[in-house]
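The structure appears right after this line, and notes come after that.
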Amino acid sequence: MIIYNIFPRLAGTLAKWNDHIGRAAEMGFDWIYANPLQQPGASGSLYSLADYFRINPAFLAADSAVAPDEQVRAMTARVHAAGLKIMTDLVINHCAVDSALTREHPEWFKREPDGRVANAACEHNGERVVWQDLAQFDHEHTRDPEGLYRYCLRVVEHLLGLGFDGFRCDAAYQVPQHVWRRLIHEIKARGQHTVFVAETLGCTADQTKETARAGFDFVFNSSKWWNFNDWWLIEQYNLIRETAPSIGFPESHDTPRLAAELNGNVAGLKQRYLFAALFSAGVMMPMGYEYGFCTSLHVVTTTPANWEETGIDLTTFIQQVNVLKKCFPVFHEESPLSILPNNNPNVLLMWKASTQHHDEALLILNKDPWNQQEFFAENLRQFIQSGKPLEDVSPEFQLEYIHEPFHYVLRPGQSIVLVASRK
């Protein structure tokens, strides 16, 4: 999955998404991910849903005689016509605290000791974060588990009927595994090729693995936060990779903009997208990354007026990385992966080998997006199993010949991507 996240509050009404869909297709993405389009509660948050079966008026053409659901179907049809699939959020961990559901089905919700509906919460950096606008469903202990499950199933069926092909399952780890297993099995048993992706950010590796075992097609990984040195990401990758493939991302709608963190360093933006794309079986990028946007996406306050003019355009580079990812099977899967020693601690040397095909890959990455770094190896062939020649398939500055011994001065943030076949 090579996913472009169209953030509805930045994109505006559905009728105006054509340019974003076309740009995603031109850059080589094969999926669109749209955050929730349903009616929010009083807070206005995209993830505080008051009515799962009504569309947020903010995304509808006010002067259109076309019914809201038909406007959504027209949008998903345009995505399909561009050769892409589209997923949206499935939010069944919580709903808006002011949703009619809290009154119509009080038995579906967790309660505080004083009887109030419990707000959704999570642990973040050792602190408990509580969302006052969210009411927590009680899938585990409700007196009406079948009623709650059937409601969630109706939501899935409704979204599929609007033309969506898959779901990013929000806070998946907070919904019991048996609920996901039943829901995923029931939808897939109908012969629909629906994709379910677990959002597991903030989980431990073991929690992520347990969540993935419910039958999810993909999980998200934490490569965005890796410093290219510590071992935790490699340990997580190896622990989870045989359970479910993962999706990496250089930033998301939940994180600060990388361009702001890097003060507009283009080399760093390229470095992080390429690494996320080649490290993981899947990759996701939010709209605006290709232009180096600095203003964080916000589920309440972002509007189309937040579109930025930066003078940065990474669309060609991202297209080249996506083409590279599609061309070589080793970058389609969670392959055996090792970080290899080399003569410069500021250079990452990473080896991947496909178990399903015959590809091997070496990634030589300058960890430093600000300065050049030298890399030297007597013979690059010592790092691979293949006896075939290495080919440079880097998106930029390709080498026509791999010298031995190999000495190269990497530009800031630059990566050399080498592949070989064992066949």
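The values are calculated or read from the model by the stated rules, or taken from the named source; none is laboratory data. Not measured: the values here are computed from a predicted model. Every residue, glycine among them, receives a Cβ derived from its backbone with ideal geometry; neighbour counts consider all protein chains shown.
Conditions tested, residue by residue: (1) in contact with a strand residue (DSSP E or B) (Cβ under 6 Å, 6 or more places away or on another chain); (2) of a type in the set (A, V, I, L, M); (3) closer than 20 Å to residue 41 by Cβ; (4) at pLDDT below 95.
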residue	(1), (2), (3), (4)
119	yes, no, yes, yes
124	no, no, no, yes
127	no, no, no, yes
155	yes, yes, yes, no
**Fill in**
(1) hydrophobic (A, V, I, L, M, F, W, C); (2) surrounded by 16 or more Cβ atoms within 10 Å (Cβ to Cβ); (3) in contact (Cβ under 8 Å) with a residue 40 or more places away in the chain all hold for residue 53 apart from (2)
**Prompt:** When the residues of segment 372-423 are filtered to those that are farther than 11 Å from residue 362 by Cα and β-branched (Val, Ile, Thr), which remaining residue is surrounded by the most Cβ atoms within 10 Å (Cβ to Cβ)?
**Reply:** 402
**Request:** Scan segment 328-354 and report the pairs whose first residue is under 17 Å from residue 413 (Cβ atoms) and whose second residue is part of a loop (DSSP other than H, G, I, E, B), with Cβ atoms within less than 7 Å and a gap of 6+ or a chain change.
**Result:** 346/367; 346/368; 347/367; 348/228; 348/367; 349/342
**Request:** Give the residue that is farthest from the chain's Cα centre (by Cα), with candidates limited to residues of segment 139-192 that are charged (D, E, K, R) and farther than 20 Å from residue 213 by Cβ.
**Result:** 143
**Fill in**
Out of (1) part of a loop (DSSP other than H, G, I, E, B); (2) assigned by TED's automatic domain parsing to the domain that holds residue 416, the one residue 313 does not meet is (2)
**Message:** Looking only at segment 242-276, how many residues end up being buried (at least 22 other Cβ atoms within 10 Å of the Cβ) and hydroxyl-bearing (Ser, Thr, Tyr)?
**Reply:** 2
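Of everything in segment 25-46, what is more than 17 Å from residue 286 (Cα to Cα) and either part of a strand (DSSP E or B) or not hydrophobic (A, V, I, L, M, F, W, C) (or both)? Give them in sequence order.
Those that are more than 17 Å from residue 286 (Cα to Cα) and either part of a strand (DSSP E or B) or not hydrophobic (A, V, I, L, M, F, W, C) (or both): 38, 39, 40, 41, 43, 44, 45.
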**Request:** Sort through 100, 172, 121, 96 and tell me the only one that's in contact with a Gly (Cβ under 9 Å, 6 or more places away or on another chain), assigned by TED's automatic domain parsing to the domain that holds residue 45, aliphatic (A, V, I, L, M) and under 17 Å from residue 49 (Cα atoms).
**Result:** 96
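Among what's in segment 392-423 and is part of a strand (DSSP E or B), among the aliphatic types (A, V, I, L, M) and out of contact with any helix residue (DSSP H, G or I) (no Cβ under 9 Å at 6 or more places or on another chain), pick the residue that is nearest to residue 359 (Cα to Cα).
The qualifying residue nearest to residue 359 (Cα to Cα) is 416.
Is it the case that some residue within segment 193-205 is loosely packed, with under 13 Cβ neighbours inside 10 Å, in the same structural domain as residue 105 (by TED's automatic domain parsing) and under 24 Å from the mean Cα position of the chain (by Cα)?
Narrowing segment 193-205 to residues loosely packed, with under 13 Cβ neighbours inside 10 Å: 193, 204.
If we keep only those that are in the same structural domain as residue 105 (by TED's automatic domain parsing) too, we end up with 193, 204.
The next check asks that each one be under 24 Å from the mean Cα position of the chain (by Cα); those that pass are 193, 204.
For segment 193-205, residues loosely packed, with under 13 Cβ neighbours inside 10 Å, in the same structural domain as residue 105 (by TED's automatic domain parsing) and under 24 Å from the mean Cα position of the chain (by Cα): present.
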**Hits in segment 60-81 - residues which are surrounded by fewer than 18 Cβ atoms within 10 Å (Cβ to Cβ) and either among the hydrophobic types (A, V, I, L, M, F, W, C) or under 12 Å from residue 161 (Cα atoms) (or both)** = 61, 62, 65, 66, 67, 69, 70, 73, 74, 77, 81
**Request:** Considering only segment 277-308, state which residues are of a type in the set (S, T, N, Q) and surrounded by 23 or more Cβ atoms within 10 Å (Cβ to Cβ).
**Result:** 280
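Check whether at least one residue in segment 371-378 is of a type outside the set (D, E, K, R) and not in a strand (DSSP E or B), and report yes or no. Steps first, answer last, please.
Taking segment 371-378 first, the residues of a type outside the set (D, E, K, R) are 371-373, 375-377.
With the extra rule that they be not in a strand (DSSP E or B), the set shrinks to 371-372.
There is at least one residue in segment 371-378 that is of a type outside the set (D, E, K, R) and not in a strand (DSSP E or B).
Sort out which residues of segment 316-349 are among the polar types (S, T, N, Q) and either exposed (fewer than 15 other Cβ atoms within 10 Å of the Cβ) or assigned to a strand (DSSP E or B) (or both), and write them in order of number.
To start, the set of residues in segment 316-349 that are among the polar types (S, T, N, Q) comprises 316, 319-320, 322, 335, 338, 342-344, 346.
316, 338, 343, listed by residue number.
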**Asked** Looking at 160, 148, which one is crowded, with 21+ Cβ neighbours inside 10 Å, among the aliphatic types (A, V, I, L, M) and modelled with pLDDT of 95 or more?
**Response** 148
**Asked** If a residue has to be more than 13 Å from residue 198 (Cα to Cα) and among the aromatic types (Phe, Trp, Tyr) to count, how many in segment 161-180 make the cut?
**Response** 1
**Fill in**
Filtering segment 57-89 down to residues that are closer than 15 Å to residue 11 by Cα, over 23 Å from the mean Cα position of the chain (by Cα) and not in a helix (DSSP H, G or I) yields 60, 61
